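Below: the structure, in structure tokens.
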Amino acid sequence: MSLPAYVVVDASVSLKWALDDEEAVAQAVALRDAAIAGRFQIVAPSLWLYEITNGLVTATRRGRLAPEAGVQALFNLLALGVRLADPEASDVYKQAILYGVVAYDAAYLALAKVLDTLVWTGDRRFYESVCDATDLVRWIGDFDSANILR
């Protein structure tokens, strides 16, 4: 497989770009920086917008971010230019049934399948539930900017 034109990134990875008290922040930032450098385009289903917004709202409510910092973090995430593309609902359904995951996670899987690329996740439960069944999903803690296909 050659370097992908696209890499699917779920909200759990994207939130690490704004919340520096998370696990594997350095790897998430390295992935983001590789995209900014033009190595690939980050893509996500449109539900990503609501997941990152909810993650920042939750972080604000828990005192991890001040309200103004949450607004700025949302602005910064949106400014990164993550390309939004929605897979077919039937493909999401098939992936959810096949891998036994919720439809939200299956949307990232279905999109990766359509684009013939990887999903990078920081959601350990999602990763562990599918890692033995598919090679499409990668744990962000394993990201290596020298070899994004690892």
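One table, with the values for the structure above:
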| read-out | value |
| --- | --- |
| Mean separation of Cα contacts under 8 Å, 6 or more apart, over the residue count of the chain: relative contact order % | 31 |
| Rounded to 10°, Cα long-axis angle of helix 25-36 versus longest principal axis of the chain | 70 |
| Ratio Rg/Rh [Cα only; Rh per Kirkwood] for the chain | 0.95 |
| Exposed-site-free run, longest, the chain (rule: GluC sites (Glu not before Pro); DSSP loop; at most 14 other C-beta within 10 Å) | 24-87 |
| Under 5 Å, built H, 5+ apart or other chain: amide partners of Q41 | Y6, V7 |
| Degrees between helix 103-115 axis and first principal axis of the chain (Cα, 0 to 90, nearest 10) | 60 |
| Candidates per trypsin sites (Lys or Arg not before Pro) in region 1-110, loop by DSSP, up to 13 other Cβ within 10 Å | R62 |
| Crossing angle, helix 47-61 versus the chain [Cα axis fit, 0-90 degrees, rounded to tens] | 40 |
| Contour excess over end-to-end distance, with Cα ends at A146 and R83 and 0.36 nm allotted per residue | 20.4 nm |
| Virtual spin-label span in nm between S90 and V57, 7 Å along Cα→Cβ | 3.3 |
| Cα-centred dipole magnitude for the chain, charges only on beta-carbon of K, R (+1) and D, E (-1), debye, nearest 20 | 180 |
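Every number here is computed from the coordinates shown, using simple stated rules; none is lab data. Note that the coordinates shown come from a computational prediction; the quantities given were computed from them, not determined experimentally. In this analysis, Cβ positions are derived from the backbone assuming ideal geometry, glycine residues included, and neighbour counts consider all displayed protein chains.
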